Amino acid sequence: MKDFIFNDYCTNDNNQKAFNRALYYKYVYEIIKVFFGYDFKNNEISKHLIDLLQDIDNCEDVYILMSVCEPWYWTISISYNTHEIAHIERELITKEKRDKFRMFSQDFYLKNGDYIRTLNE
């Protein structure tokens with residue numbers, strides 16, 4: 001998957017940015033495999049994520065992936081093969097788990113970089 005290059009009019013900074021689709025997918029994959037220790041499932045939800053990543057058309061699509069359907073959402077949805085995750089999330093995500101996740105995310109970004117970056121400032 002190639003990077004999606006866009007002018008970020010969504011945040012009013014209008015900078016040109018690159019969204020690294022493959023790195024975002026890798027992040028979700030590693031949350032499932034490494035952080036939770038689950039098997040990654042090729043199911044309708046994982047196919048949906050790939051379709052969304054391939055069909056990004058503008059900055060709104062990028063920010064929907066980053067904020068509305070954030071990586072937690074995709075991780076739980078793929079693992080349990082459902083979009084209805086609120087009850088599962090409440091059971092899985094404790095304060096301790098969130099703290100560990102922050103550390104996991106920091107390590108991921110240090111090793112791989114961020115999946116969105118500014119090209120010009």
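Throughout, read-outs are computed from the coordinates displayed, never taken from laboratory work. Please read these numbers as outputs of a predicted model, since none were measured by experiment. Because the Cβ atoms are built from the backbone with ideal geometry, glycine has one as well, and the counts that use them run over all protein chains shown.
A few remarks follow.
- Residue 96-residue 63 FRET efficiency (beta carbon distance; Förster radius 35 Å; 0.05 resolution): 0.75
- Calculated FRET efficiency, residue 36 to residue 14, Cβ-Cβ distance, R0 = 30 Å: about 0.20 to the nearest 0.05.
- Taking 12 Å as the cut-off, the amide N atoms of the stretch 1-29 that come nearer than this to a point 7 Å along the Cα-to-beta-carbon line of residue 54 belong to 1-2.
- Global geometry of the chain, whether rounded, prolate or oblate, following the gyration tensor of its Cα atoms and the 1.5 cut on a/c: prolate
- In the chain, taking the dipole from charged Cβ atoms about the Cα centre, the farthest positive-side position among 25, 49, 12 is held by 25.
- Computed helical MRE - 222 nm, the chain, DSSP H runs ≥ 4 contributing -39500 (n - 2.57), nearest 500: -15000 deg cm²/dmol
- Projecting the Cα atoms of 92, 34, 72 onto the dipole axis of the chain, where Lys and Arg carry +1 and Asp and Glu carry -1 at the beta carbon, places 34 farthest toward the positive end.
- A Cβ-based charge dipole, computed about the Cα centre of the stretch 6-93 with Lys and Arg at +1 and Asp and Glu at -1, lands at about 340 debye.
- Normalised by 2.2 N^0.38 Å, where N is the number of residues, the C-alpha radius of gyration of the stretch 30-83 stands at 1.13.
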